[in-house]
């Protein structure tokens, strides 16, 4: 199976959703609704197979404010873990940050070791006020968030 990374397409939404829900069931990330995914589709890149275009991984790059963006919804199918696809998905998203000249990128994660290897540093959530007021207030885990906030200065 030959895999490649590309911008997400409308036909990918259900595959992205299924992958994210499986990861959420394993408490690797927070779930996202189909409605949210359709509305944020332009934020996503996917890892797809060339033969059938099936989604095997995804990552979103979301601009939060003029000087900060977020890497979110990073997921890779379990059978592909350890092959560098997660790193490549994040790097693809970080290239968008550079294109938009957004040089501070953060993530909220349950896997801080992965992001630390990419240069992200752990920070307190209080340094992310735009995120807290935009998304976190609507999260079922607020204010008892158990994700680790990390930031990368490009």
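The values are calculated or read from the model by the stated rules, or taken from the named source; none is laboratory data. None of the values given here were measured: they were computed from a predicted structure. Counting neighbours? That spans all protein chains shown, and the Cβs are built from the backbone with ideal geometry, glycine included.
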**Prompt:** Within segment 66-92, restricting attention to residues that are over 23 Å from residue 27 (Cα atoms) and in contact (Cβ under 8 Å) with a residue 40 or more places away in the chain, which residue is surrounded by the most Cβ atoms within 10 Å (Cβ to Cβ)?
**Reply:** 68
**Fill in**
By residue number, the members of segment 108-134 that are outside any helix (DSSP H, G or I), crowded, with 17+ Cβ neighbours inside 10 Å and modelled with pLDDT under 95 are 108, 109, 128
**Request:** Would you check if residue 93 is within 10 Å of the chain's Cα centre (by Cα) and not in a strand (DSSP E or B)?
**Result:** yes
**Message:** I'm told residue 98 meets every condition in (1) outside any loop (DSSP other than H, G, I, E, B); (2) crowded, with 19+ Cβ neighbours inside 10 Å; (3) modelled with pLDDT of 90 or more except one. Can you identify the failing condition by its number?
**Reply:** (2)
**Request:** State yes or no: is residue 8 farther than 17 Å from residue 154 by Cα, in contact with a strand residue (DSSP E or B) (Cβ under 9 Å, 6 or more places away or on another chain) and buried (at least 18 other Cβ atoms within 10 Å of the Cβ)?
**Result:** yes
**Complete:** Counting only residues that are in a loop (DSSP other than H, G, I, E, B) and either in contact with a helix residue (DSSP H, G or I) (Cβ under 6 Å, 6 or more places away or on another chain) or in contact (Cβ under 8 Å) with a residue 24 or more places away in the chain (or both), segment 30-65 contains a total of 7
